[in-house]
Amino acid sequence: MQANISILAAPPKVGKEIQRLRLQNNLTLEQLANKSGVSKSILSQIERDRSNPTLATIWRITKALESPLEDVLSVKEGTKVFEKLSPNATPEVTSEDNQFRLRILGTLSTVSTVQWYEFTAESGAELISEAHGAGSIECVTLCSGSLSVNVGGETESICTGETLRFRTDVAHCLKNEGEGVAHGFMVNLL
């Protein structure tokens, strides 16, 4: 008889490492708040591991601290064979209007080279992104709906079942111009 055993991994505790880096850089909470755009009270909660910050928030903090994101998020290699996340534990980031949602499917250990997302975009939703760096490429496969992708002033449209690959070393924008929800997968190669 086989037993089904799953080990749920808790999100990594980043507070102590962020605090260590802040102190190493001789920054007060207020100075880090000003540099990162994350409020002093939220930073305090994060440092005490009383808050579960989004990946976007951690990214802003690590940029302000000039420390690689993966170093702060690195999970120690251990004895776990599986890491299973429930749907509500899978990290998610959203566009400013919350209409374009990206579920982070990739692992934290590869975030500096490969980022893998499942996305949904409401009708009219836009995801505007800054350049990802020299040589970066984004691959979008659409499972349903339609999207337009604008890269450096040039626009291409894709619909259900199609894959579009495009350079992301310049600012780019994905927009759902259809009437229904667009759903698909995105891989960023950095």
TODO: Being at pLDDT 90 or above and under 22 Å from the mean Cα position of the chain (by Cα) is the filter here, so list the residues in segment 19-33 that pass it.
DONE: L32, A33
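Here's the yes/no breakdown for (1) among the aliphatic types (A, V, I, L, M); (2) in contact with a helix residue (DSSP H, G or I) (Cβ under 6 Å, 6 or more places away or on another chain); (3) more than 19 Å from R103 (Cα to Cα); (4) loosely packed, with under 14 Cβ neighbours inside 10 Å:
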site: S36; (1), (2), (3), (4): no, yes, yes, no
site: I46; (1), (2), (3), (4): yes, yes, yes, no
site: S51; (1), (2), (3), (4): no, yes, yes, no
site: L55; (1), (2), (3), (4): yes, no, no, no
site: T62; (1), (2), (3), (4): no, yes, yes, no
site: S67; (1), (2), (3), (4): no, yes, yes, no
Task: Condition check for D169: over 20 Å from K63 (Cβ atoms), charged (D, E, K, R) and touching a residue at least 12 places away in the same chain (Cβ under 8 Å) - done: no
- [ ] Could you tell me which residue of segment 109-137 is modelled with the lowest pLDDT, considering only residues that are more than 20 Å from T90 (Cβ to Cβ) and of a type in the set (D, E, K, R)?
- [x] E130
Task: In segment 112-123, residue surrounded by the fewest Cβ atoms within 10 Å (Cβ to Cβ) [restricted to those that are hydroxyl-bearing (S, T, Y) and assigned to a strand (DSSP E or B)] - done: T120
Open item on the list: Which condition from (1) assigned to a strand (DSSP E or B); (2) at pLDDT 95 or above is the one that L102 breaks?
Closed with: (2)
Task: Residues being loosely packed, with under 14 Cβ neighbours inside 10 Å, part of a strand (DSSP E or B) and within 16 Å of the chain's Cα centre (by Cα) - total across segment 124-172 - done: 1
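The values are calculated or read from the model by the stated rules, or taken from the named source; none is laboratory data. As the structure is a prediction and not an experimental result, all values here were calculated from the model. We place every Cβ from the backbone using ideal geometry, glycine too, and count neighbours over all the protein chains shown.
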